[in-house]
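Below is one structure, written out as structure tokens, with a few remarks after it.
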């Protein structure tokens, strides 16, 4: 399996993704902020602002020896920020799969779509700004499936997947304390992902010693292990674009309301060569 030391940037369901935000609608500033816990006040509408092929995922961590295999931090860290606005949704307990129509889109300087979903009280807005730039192929009038899970109770875990009719998987976003939400939620990733531990020595990180975890997966026969904060295009050309903004385990947690693991991952199939 080839290990990438790859280059790493950032829901009204209005809720805040990732621990470290104090209330609904607030934006976290970096991947590092994802390692502190979040407490949020629920509102009638949920907005998640964060700065920060179907499959199953194993959340257990494979232990591997050899700390000298830990890749160095990149000079230009990859990151992404996102906002998901679903009026009337509950950030503590949202589980939706809707068939929608794109009524407005902007992919010139990032990704932003406004969706008309029959189940929603008002239009749904999804925007993602990533570094390196994310620019998927979306046109007004396209049919899109929106899959979204947001759940608590101690901090918001957010999981988003968009599929475009006639194209397939477009975008998956993970911002939570596990790669998939807990039972009874069902959320399918575009590729299976497992975590790899034991390659990076834990280092002081405010609320404990943080160990960078590798994310192992395969796309079109290409095996990779990615560490934060990195970006890579995997599986050939056009391939699958992957941003790993955060993937870490906190040893000996010293703070309250703080998860021992946090993941911020963006996976996109843009179709561009």
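Sort 241-254, 180-193 by the packing proxy (mean of other Cβ within 10 Å over each peptide's residues), most packed first.
Going from most to least packed, we get 241-254, 180-193.
Indicate the gyration tensor shape class of the range 149-273 (rounded, prolate or oblate), computed on the Cα atoms with a ≥ b ≥ c the square roots of the eigenvalues: a/c under 1.5 is rounded; otherwise a/b larger than b/c is prolate and the rest oblate.
oblate
Working out 0.36 nm times the residue gap between residue 188 and residue 254, then minus their Cα-Cα distance, what length gain in nm do you get to one decimal?
Going from the current span to full extension adds 20.5 nm.
If I stretch the segment between residue 223 and residue 104 completely, what's the gain in nm (0.36 nm per residue apart, minus their alpha carbon distance), one decimal?
Contour length minus Cα-Cα distance gives 39.2 nm.
Give me the extension gain from residue 209 to residue 167: residue separation times 0.36 nm, minus the current Cα-Cα distance, reported in nm with one decimal.
Extending this stretch completely gives an extra 10.9 nm.
Any idea how far the Cα center of the range 146-204 sits from the one of the range 212-273, in Å?
Using only Cα atoms, the two centres lie 10 Å from each other.
Mind ordering 91-102, 167-178 by average Cβ neighbours within 10 Å, highest first?
167-178, 91-102
Please compute the modelled spin-label separation between residue 237 and residue 116, points set 7 Å along Cα→Cβ, answer in nm with one decimal.
Inter-label distance under the simple model: 3.9 nm.
Only the coordinates and a few stated rules stand behind these numbers; no lab work does. This is a predicted model, so every value here is computed, not measured. Ideal geometry is used to build each Cβ from the backbone, glycine not excepted, and the neighbour counts take in all protein chains shown.
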